[in-house]
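The values are calculated or read from the model by the stated rules, or taken from the named source; none is laboratory data. Worth saying up front: this structure is predicted, and the values here are computed from it rather than measured. Positions of Cβ are generated from backbone atoms using ideal geometry, with glycine treated the same way; all protein chains shown enter the neighbour counts. When the accessible area is computed, the model is the full protein with side chains, heavy atoms only, and any ligands, DNA or RNA have been set aside. Shrake-Rupley method; radii C 1.70, N 1.55, O 1.52, S 1.80 Å.
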Amino acid sequence: MGKFSVFDCSIIELDRHHENRFGNLSVVENGKTLPFDVKRVYYLYDIPGGEGRGAHAHKNLEQLIVAASGSFTVTLDDGECKRSFFLNRPYQGLYVKPGLWRDLVDFSSGAVAMVLASDIYDKEDYIRDYQKFIEYKSIE
Ligand code: TYD
């Protein structure tokens with residue numbers, strides 16, 4: 001799959017449509033918006049203040065993480081460097097390459113973390129132990 005670093009990840013700006021209407025509308029289309037096609041969408045919500053999510057890496061999955069409502073911080077870790085992204089706009093998504101540890105923290109009240117993923121759920125794709133992640137990165 002290749003060895004990606006946190007510097008291969010970035011914020012993708014989504015289209016925002018607001019012509020002749022009140023409010024905004026943002027779009028993600030396969031083959032157009034993202035470097036991958038979307039096979040699954042899930043979202044995290046009702047996260048109590050002070051609690052974190054994530055705390056794992058994916059071997060192959062690519063993702064776009066969007067603060068559909070509210071805000072939170074995503075910290076990516078490639079085993080050598082960490083980079084934190086504050087997400088608080090529904091028209092911005094953090095593109096996450098495979099093979100990176102991620103922690104989601106500091107959820108605001110009412111925050112919704114929407115995740116667009118390149119594949120269906122596969123628990124074999126997860127690395128949930130940080131030490132195993134570091135070992136995986138060294139042989140990846
Ligand atoms: P988990 O990946 O640990 O959530 P997060 O990384 O956001 O903290 O998933 C939590 C639970 O939900 C776990 O029991 C697996 C289940 N789950 C699915 O069944 N399908 C999915 O697509 C996802 C993402 C999770």
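Roll a 1.4 angstrom probe over the protein heavy atoms and tell me the percent of accessible area of the chain that is carbon or sulfur. Whole-percent figure for carbon plus sulfur exposure: 48. Gain on full extension, evaluated as 0.36 nm per residue between residue 11 and residue 59 minus their Cα-Cα distance, stands at 15.2 nm. Rg/Rh for the chain stands at 0.97; both radii use Cα atoms, and Rh follows the Kirkwood definition. Helix content alone sets the calculated 222 nm mean residue ellipticity of the chain: runs of n ≥ 4 DSSP H residues at -39500 (n - 2.57) each, divided across all residues, give -2000 deg cm²/dmol. Once the chain from residue 21 to residue 42 is taken as fully extended at 0.36 nm per residue, the excess over their C-alpha distance is 4.8 nm. Using the 1.4 Å probe convention, the accessible area of the chain works out to 58 Å² per residue with neighbouring protein chains retained. Largest first and in whole Å, the equivalent-ellipsoid semi-axes of the range 1-42 read 28, 13, 9, each the square root of five times a Cα gyration tensor eigenvalue. The mean of 1/r over all pairs of different alpha-carbon atoms in the range 73-131, once inverted, gives a Kirkwood hydrodynamic radius of 13.2 Å. Extending 7 Å from Cα along the Cβ direction at residue 32 and again at residue 121 yields two label points whose distance is 3.0 nm. For the pair residue 140 and residue 86, a Förster radius of 30 Å applied to the C-beta separation gives a FRET efficiency near 0.60, rounded to the nearest 0.05. Sparse packing (at most 16 other Cβ atoms within 10 Å of the Cβ) combined with a DSSP loop state is found for the following GluC sites (Glu not before Pro) in the range 1-68: 19, 29, 51.
Within the shell defined by Cβ-Cβ distances under 14 Å, the residues around residue 41 carry a net charge of -2, with Lys and Arg each +1 and Asp and Glu each -1.
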